[in-house]
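S.K.: I am attaching a structure below and will ask some questions about it afterwards.
The values are calculated or read from the model by the stated rules, or taken from the named source; none is laboratory data. Everything quoted here is computed from the prediction, not taken from an experiment. Positions of Cβ are generated from backbone atoms using ideal geometry, with glycine treated the same way; all protein chains shown enter the neighbour counts. Areas reflect the complete protein model, heavy atoms only, side chains present, ligands, DNA and RNA absent. Shrake-Rupley method; radii C 1.70, N 1.55, O 1.52, S 1.80 Å.
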Amino acid sequence: MSEWQPIETAPKNTFVLLACQSGYTTTPYVFTTGILRSDYHAGRWIDHANDDLLDWGMKPTHWRPLPEMPGKETK
């Protein structure tokens with residue numbers, strides 16, 4: 001799966017790439033990584049620093065798996 005998917009289909013407890021409405025007029029869309037937690041922040045999108053994305057004005061609308069690291073060998 002490499003296409004953008006609706007946010008309702010995103011996996012839980014796995015970091016993914018997110019497309020978000022930013023909440024700002026100067027930058028209407030933002031791309032970031034996040035994780036939908038089922039424990040501490042149940043049902044909330046959290047960034048790598050454990051901050052709630054909604055606190056930053058970001059509302060995820062779509063997701064896709066993180067790409068492979070450049071130069072990573074696949075077996």
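S.K.: Collect the residues in region 1-47 that are among the β-branched types (Val, Ile, Thr), modelled with pLDDT of 90 or more and either open to solvent by 40 Å² or more (accessible area, probe 1.4 Å) or assigned to a loop (DSSP other than H, G, I, E, B) (or both), keeping them in residue-number order.
M.R.: Within region 1-47, THR9, THR14, THR33 qualify.
S.K.: Still on this model: Within region 48-75, take every residue that is assigned to a strand (DSSP E or B) and in contact with a Ser or Thr (Cβ under 8 Å, 6 or more places away or on another chain) and give me the one that is most open to solvent (accessible area, probe 1.4 Å).
M.R.: Checking each candidate, the answer is ARG64.
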